[in-house]
1. Set the Förster distance to 22 Å, then compute FRET efficiency between A:Glu2 and A:Glu88 from the Cβ-Cβ distance, nearest 0.05.
2. Mean-square fluctuation check for chain A, GNM, Cα pairs under 10 Å: which of A:Gln60, A:Gln23, A:Gln40 is largest?
3. Taking one equal scatterer on every alpha-carbon of chain A, how large is log10 of I(q)/I(0) by Debye at q = 0.08, 0.09, 0.14 1/Å?
4. Would you mind calculating the relative contact order of segment A:295-426 from Cα pairs under 8 angstrom and at least 6 residues apart, reporting the percent as a whole number?
5. What longest range of chain B stays clear of loop-exposed chymotrypsin sites (Phe, Trp or Tyr not before Pro) (DSSP non-H/G/I/E/B, at most 15 other C-beta within 10 angstrom)?
6. Can you return the aspartates and glutamates within cross-link range of A:Lys230? Criterion is Cα-Cα under 19 Å, with same-chain partners fewer than 8 residues away left out.
7. Do me a favour and compute the ellipsoid semi-axes for segment B:2-237 from its Cα gyration tensor, root of five times each eigenvalue, largest one first, whole Å.
8. Each label point is 7 Å from the Cα along the Cα-to-Cβ direction; what then is the distance between the points at A:Arg335 and A:Ala420, in nm?
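Values quoted throughout were computed directly from the atomic coordinates according to the rules given, and no laboratory measurement underlies them. Source: prediction; values computed, not measured. A quick note on method: Cβ atoms are made from the backbone with ideal geometry, for glycine too, and the neighbour counts reach across all protein chains shown.
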Amino acid sequence: METQQLTTLAGVIDKKMNRQLKQYIDICARCAICKDACHQYVGTGDFKYLPARRAELIRQIYKKYFDKAGRFVPALYEARDPDENLLEELYESTYACTACRRCMYFCPFSIDTAWILSVAKAMLIAAGMGNEMLSQLADAAIMKGDQPELFRDVLVSGFKDIEAEVREITGDPSAEIPVDKEGADILYVGLAGAHSIRPAAVIFHEAGASWTLSLFESANYGFFLGDAEKARKIADRYMDEALRLGVKEVVITECGHAYRVAKIFHEAWSGKKHPFRVRHILEVIDEYITDGRITVDPGSVKGAITYHDPCQIGRNGGLFEEPRRIVRALAADFRDLTPNREQQWCCGGGGGIVAMSEFDEDRIKSGAKKVEQIRATGATIIAAPCENCRLQLEQLRDHHELDLHITPIMDLVVEAMPLAGTKAAQA
Amino acid sequence: METYLQITSVWGTYLAIAVFVLGIAWRVYEWSTTPKSPVPLGLFPKPKTGAGRFGKMLKDTFLAPHSARIEPRMWLFAMMFHVAALAAFVGHLRIIQEYPLLPQWLGEDGMNTFAAWAGGIAGTLMMIAVLYWIGRRTFGPFKNLSVPEDFLLLALLLGVIIMGNHMRFFGHVHAETYREWFQSLLAFRPMLPDEIVHSNVGWSLGTHMLFVDLLLIYFPFSKLVHTIGSFSANLVRSE
Ligand code: HEM
Ligand code: SF4
Ligand code: SF4
């Protein structure tokens, strides 16, 4: 690589610099206390996945270009250029990271390795090494936002099909899936696919909620890609819709990263405060059950059930008790995983890794801890709100031949509701 | 001997303190003038109040309970080192000014005996911890993660500690004599008491100070800035 190009790439660190990042780079003691926090390092034993090692690559470039001591005596820090060798390792350690931030939880200085890697992603994108798959998915989502009229009719007719199912399930021929309804209380943002819309529609209908369905899905591949601009545009699609319709709250489907993007990142990215609140669908369902707006049969779930905290909902999103309360309301035999809540192991499927086939082998290996945890409970059902988690759990189940039913929580809730319809909730 | 002490324990000390103070000031200035990221990076669950956050930060920083859970042995040695280092630091204040009360209770001899024990224990614990850290960095992932900076710092530390222990265990010079020397530095009228120069620990004070000088000079430019950075970084954890 030419000097000019190396300097430009290193410059990405300077452009993205902020106080937290600077401190993280300066203070890490390289004590490797974080090593056993990372499911990928623990599952594969591969040094490139040791959290501090992933960050070290960025530190090495920073030392070479921007740090006084590093420029004076580069050898002391093994300071390096962002050359092909470095970028190759950086690509693997960065895009593999599920941003679960379990390493941050255990680090004596709470160093957020995933935050350091957000700079790594920006650098890889600048080097033309951003992940192709994520990039294409992100661009497609942005295009859908730019030209909604191209997609609208197809989407709405799809929603009509789901609406017909909702009518059969609830036994109420007037049940609907409203779209573009001004003045609704709730804008519900699902995923592409009926599975995230149908149960929510049943629950909203039964609770008598005033809601409307977003034309857009909440999944955000720009976030996984590490392109903040694209990620913001993707989230803007439904945030603008919420503003236009004047809703009181945006409710995100069970998906994990989408909730964190909407709840925590979007205001910071856009620099504007939301005039509505953002909640997760499980917060809403928990409230409906507590307030008696929907009724559920407490013995509906047969067999031992456990719950997996998706990282972006639990440790990084703050919802620990709501999902547990819901599951407990439906099941007699609830068994928590150990450790749980903020110490929950990442299943290995986050950060968009399920969309990147080059990591398939390591991804399955990185689920070792999760499998161990599930086995220890003896549960035969696992409730996992996040779609990426479920994809990973399904593959882990097949790989390890577990006797395990993997389900979103919304489906369990709908099955537990006394409904007048003739059709079962599951398609 | 005189010249060696002049270099390391007088002029070197001045230089080291100046570089250390200015270096840390510069480091803090750099941190505080770099804009914060608008994205909150906290982990849940978070304390609800400012005071709660502050308390959690202090607990996380001083006790590192999470690190204790994941690698108890490393936590133990790190705790041992840091507490002993703190004790040694407090002990060293005696060479600026004698503590009130304690010497009256213990008597002069009693005080020296107490200091010998306390300092001896702290020095030994620090040495054990540093040797453990060095050992840990010689194999597997710890070795792969280490860079020369890590070994340089540990070597400097070991030098400081071994020479300090040598003075403690093999010397017969007491705090009041070191105080004469250190007070003279503070008054900018440096002198070296004959009692030190001509004792068996003259060279060990010189070498202790050589390592101290180097450590202080490198301190602000090394990962040791975690001494101050850990507070703000741990505060970010619950923002
Ligand atoms: C108060 C919060 C602090 C925490 C949580 C903390 C934590 C740590 C940790 C985890 C290490 C890593 C050891 C290793 O593997 O090398 C370390 C090393 C060290 N710390 Fe601290 N520390 C703190 C404050 C301090 C202070 C106030 C000092 C002042 C003397 C200090 C001096 C050192 C030294 C000299 C090392 C050895 C460096 C090396 O390994 O090269 N620390 N600390
Ligand atoms: S635990 Fe924290 S300080 Fe230690 S190596 Fe990992 S990131 Fe660095
Ligand atoms: S955020 Fe998770 S996947 Fe990434 S380095 Fe830390 S522990 Fe590993």
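1. 0.80
2. Result for chain A, Cα springs under 10 Å: A:Gln23 fluctuates most.
3. The calculated log intensity ratios at q = 0.08, 0.09, 0.14 Å⁻¹ are -0.46, -0.58, -1.29.
4. Working: 202 pairs, mean separation 41.9, N = 132.
This gives 32 percent for segment A:295-426.
5. The answer is B:1-138.
6. Within the straight-line limit of under 19 Å, A:Lys230 reaches these aspartates and glutamates: A:Glu132, A:Asp139, A:Asp146, A:Glu217, A:Asp240, A:Glu241, A:Glu267.
7. Square roots of five times the eigenvalues give 35, 21, 20 Å.
8. Once both label points are built, they end up 4.1 nm from each other.
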